[in-house]
């Protein structure tokens, strides 16, 4: 009986040791996951801030860099998807709402800038078409002049 009691105690000690090791391992993994999440959130915030700054600067300078804005939006969405896939209740947080509003703002800016580009391109196209028409008229007049003189 004494032997079986010692065996049981050894099994309990072994299980206790295994439990402690597993707890340490799980805590370490959770800490790494938390650090990764923190890193992603910080990166997301930095990218959102940079995108907002660029959008504001571009609107002040009347410069348009739609590809950069679109890439920033894609990167922000990608990081948010990673955070959501890590089972974070990110959507319920104020930070998510703030980033979501930033993304909506950037998308609206992108659409506005795209419209501005389209309008500018249409104006340029209209101007070029006017020039082509004017050149065609000049050519016709010149041909008529040549026909009269010949």
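The values are calculated or read from the model by the stated rules, or taken from the named source; none is laboratory data. Model, not experiment: these values are computed from the prediction. Cβ sites come from the backbone with ideal geometry, for glycine too, and all protein chains shown count toward neighbours.
Condition check ((1) modelled with pLDDT of 70 or more; (2) surrounded by 10 or more Cβ atoms within 10 Å (Cβ to Cβ); (3) within 15 Å of the chain's Cα centre (by Cα)) across all residues:
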position: 56; (1), (2), (3): yes, yes, no
position: 62; (1), (2), (3): no, no, no
position: 75; (1), (2), (3): yes, yes, yes
position: 100; (1), (2), (3): no, yes, yes
Lone unmet requirement of (1) loosely packed, with under 15 Cβ neighbours inside 10 Å; (2) modelled with pLDDT of 75 or more for residue 40: (1)
Residue check for residue 45: at pLDDT 75 or above and within 17 Å of the chain's Cα centre (by Cα): yes
